[in-house]
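Worksheet for the structure shown next.
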Amino acid sequence: MLSLNMRLSVFFVLVAMLPCAPVKAQSDWRGQAVVHLEASPGARVRGVPVSAVQLGPGFWTERRKVVTEVSIPTLYQEFEQRGILDNFRRLAGKQVARRGPIYTDSDVYKWMEAVAFEVQSGERRNQPLLEEAIRIVSATQEENGYLNTRYTMERLSDRHQNMLHGHELYCLGHLLQAGIAWYRATGKRDLMDVGIRFVRYLQLRFGPEKEPLYDGHPEIELALIELYRTTGDRSFLDFAGYFLNSDPRLKGRISQRDLVYTFIGKPFTERTQMEGHAVRAGYAASGAADYYLETGDDKYKGTLERLWRDLAESKVYITGGIGSRQTGEAFGEAFELPNQLAYTESCAAIANFFWNWRMLAATGDARHADLLERALYNGINSGLSLDGRLYCYRNPLELSGNSNDRIRNPWYDTTCCPPNLQRVLASLPGYLFGASSEGIAVHLYHTATLDWRLPDGQPLKIRQTTTYPLEGTVHFSVEPGRETTFELGLRIPAWSSNTKVLVNGEDVGSVQSGAYHRIRRQWKPGDRVELRLDMRVRHTLANPRVRDNVGKAAVERGPVVYCLEGLDQPDGLEPEKLALDLRGNAGAATGVPSRLLGGLPVLQHPAVEQQESPSGLYHPRQASRNWKPAQARLVPYFAFANRGFTPMQVWIPYIE
Ligand code: FUB
Ligand code: ZN
């Protein structure tokens, strides 16, 4: 009599020998956006392909250049030096030990996805490395479709044994996303088919009426839904729904602690707040938004809206970072937003960005674009050093300048953030514009040319020219193939309180902030639009329930949050003795553009310096404080800790 395990093995070998049900890929691989919503019933705004947007000179072009020339090749070297690629070669016979944490395969896949996005943009410098990585990865797939360097050979018996913390499906999700991005770059299915074979393997064994399956780190949902969009195979969407809805047989099998930490184990629609591990919760919400976009299920929409409000109204940092607690890398309670202890992992800000992109697609609401822009310029952008060699895992809002706190590093044992940052920046052209049944929306401002089409299929080019976020003026030239009526929607950020829009030189009148300004008219080739955003320096206060920020203000300019770094302060001014002077003309800060800091201005801000520091831990309150006028220097937050160890703070005491 064969044991159960042996019978299962025979079964899987037989299944592997059956011809795999072919999955047709949608033919127009060139026309697919990062999140491809062409046929999605719940989408009000859809993205355009990365290849349809050519970025011109400017802020993100500089950042992307650094990613291409420095970050991507150096991370590949790190993978080689640290045996991460050898983990795959080992399965093809190389005599080495497996290295790295259980989820390290996913770091390679995210890196691959980043390069595939570059190729979508026409940047082929790193393509040979990617092709080599595809060969290495593909060679290790088992006959039955399984692929993971951890749960094999001497650890084969661990396979599927620890679904809660094992990351098998998390790694597969990233493999699928890499395969899809590569397919959309080249039309080549090789890597995507590797992922599909793994999914088929799972679908044979797991699911409703089969063995229950769950993933302790949401991610596969996003990937499966994108695979559905790419191939049209509905079983992938249903499989994602199976994870999101949670197998009813799991009820009672997952502890309360893990229900919170992993954000799985009960139906997504029963969630009432953002909690637990921030990346997991953010990816789960992104996957759920994808599910809504494909199914139009209103229960999902209601839950998503509720969770989003919970986040936006009480749990997001001003930098767009999320996750307050280092323990469990988790959300805290409402308004629990410590600065120095903030966990704010780069991946968590990215999850916030992904989620808001999908919410924007579902609703068309500018608040989602505002939040994703906030995360992009600040909490995500800070994760990559200016030279592209170092990465933040945490992105705190205050640092003591202690050299033990090595906030930027070339590598982390858990190196999830570096390739995640790379894939976001590589895919960025795909996030500037949106298309709807009414016309085109502009979500993000940067010099760029969109070469796309109108809903009726006729070609349309839009060129934006700007130095944003250095300045707030954006010029558009609109080039439809012929004269035609459609809507051009310009996002007016909530922070732009005095905005002007001119069409062919004529002021359109009042413009509402925090909304899309929709210009519906008959456009003819050569029409011009000018947008003038309000780039005055702003002072922002936090709700007093954020105890760390009481009596402090943050300084913002456009989408960029500023911070104060000790090394910039003149005459040895000590940051802890300094308060911003908001009396009189609070907007008196002036800016001097600095090449060093992403080309954005360093702000000279009126301040006061406390003369005597009272000694001792406690002291009587003084009736009047002895202040001396001073000038504080502020730099963009994303550039913090690029010039050595120095104290830093985003929230700064003020007098008024
Ligand atoms: O568990 C995989 C990744 O490692 C998570 O997304 C990050 O938060 C880090 O814990
Ligand atoms: Zn990370």
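Can you pull out the helices (runs of 4 or more DSSP H) entirely within segment 80-143 that have at least 1 residues that are farther than 22 Å from VAL35 by Cα and touching a Phe, Trp or Tyr at 6+ places or on another chain (Cβ under 8 Å)? Quick ask: steps written out before the conclusion?
Values: elements: 86-91, 104-120, 127-138.
Because the criterion is at least 1 residues that are farther than 22 Å from VAL35 by Cα and touching a Phe, Trp or Tyr at 6+ places or on another chain (Cβ under 8 Å), the helices (runs of 4 or more DSSP H) in segment 80-143 that meet it are 104-120, 127-138.
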Review point. For segment 184-238, which residues satisfy the criterion of being assigned by TED's automatic domain parsing to the domain that holds ILE102, within 17 Å of GLN32 (Cα to Cα) and open to solvent by 10 Å² or more (accessible area, probe 1.4 Å)?
Key: ARG184, ALA185, THR186, GLY187, LYS188, ARG189
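A quick yes/no check of all residues on (1) touching a residue at least 40 places away in the same chain (Cβ under 8 Å); (2) more than 29 Å from LEU450 (Cα to Cα); (3) part of a strand (DSSP E or B); (4) charged (D, E, K, R):
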position	(1), (2), (3), (4)
VAL474	yes, no, yes, no
VAL478	yes, no, yes, no
ARG491	yes, no, yes, yes
SER513	no, no, no, no
HIS517	no, no, yes, no
MET535	yes, no, no, no
Exercise for review: Taking ASN420 as meeting all but one of (1) within 16 Å of ligand 2 (Cβ to nearest atom); (2) in contact with a Gly (Cβ under 6 Å, 6 or more places away or on another chain), write down the number of the exception.
Suggested key: (2)
Check your understanding: Where residues in segment 578-594 are open to solvent by less than 40 Å² (accessible area, probe 1.4 Å) and modelled with pLDDT of 90 or more, which of them is farthest from MET648 (Cα to Cα)?
Key -> LEU582
Check your understanding: How many residues, within segment 537-572, are at pLDDT 95 or above and in a loop (DSSP other than H, G, I, E, B)?
Key -> 10
Review point. Among the residues of segment 370-407, how many are open to solvent by 20 Å² or more (accessible area, probe 1.4 Å) and of a type outside the set (Ser, Thr, Tyr)?
Key: 13
Practice item. Just need a number here: residues in segment 108-135 that are of a type outside the set (A, V, I, L, M) and closer than 20 Å to GLN81 by Cβ. Key: 7
Review point. What about LEU470, is it open to solvent by 30 Å² or more (accessible area, probe 1.4 Å) and away from ligand 2 (no atom under 16 Å from the Cβ)?
Key: yes
Check your understanding: Just checking, which of ASN126, ASN148, ASN162 is closer than 30 Å to SER51 by Cα, more than 16 Å from ligand 2 (Cβ to nearest atom) and out of contact with any strand residue (DSSP E or B) (no Cβ under 6 Å at 6 or more places or on another chain)?
Key -> ASN126
Revision key, fill the gap. Residue hits (segment 291-332; touching a Gly at 6+ places or on another chain (Cβ under 8 Å), in contact (Cβ under 8 Å) with a residue 24 or more places away in the chain, of a type in the set (D, E, K, R) and not in a loop (DSSP other than H, G, I, E, B)) are GLU294, LYS301, GLU329
Check your understanding: Which one is most open to solvent (accessible area, probe 1.4 Å), of the residues in segment 307-358 that are over 19 Å from the mean Cα position of the chain (by Cα) and either within 14 Å of ligand 2 (Cβ to nearest atom) or among the small types (Gly, Ala, Ser) (or both)?
Key -> GLN326
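Residues are listed down the side, and each one gets a yes or a no for (1) farther than 25 Å from ALA116 by Cβ; (2) of a type in the set (Phe, Trp, Tyr):
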residue	(1), (2)
GLU168	no, no
LEU175	no, no
ARG184	no, no
VAL199	no, no
PHE206	yes, yes
GLY216	yes, no
Exercise for review: Would you mind stating whether ALA366 is closer than 30 Å to TYR516 by Cα, of a type in the set (Gly, Ala, Ser), surrounded by 20 or more Cβ atoms within 10 Å (Cβ to Cβ) and more than 16 Å from ligand 1 (Cβ to nearest atom)?
Suggested key: yes
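The values are calculated or read from the model by the stated rules, or taken from the named source; none is laboratory data. Worth saying up front: this structure is predicted, and the values here are computed from it rather than measured. Glycine gets a Cβ as well: all are built from the backbone with ideal geometry, and neighbour counts include every protein chain shown. Side chains are part of the model used for accessible areas, which takes the heavy atoms of the whole protein and leaves out ligands, DNA and RNA. Shrake-Rupley method; radii C 1.70, N 1.55, O 1.52, S 1.80 Å.
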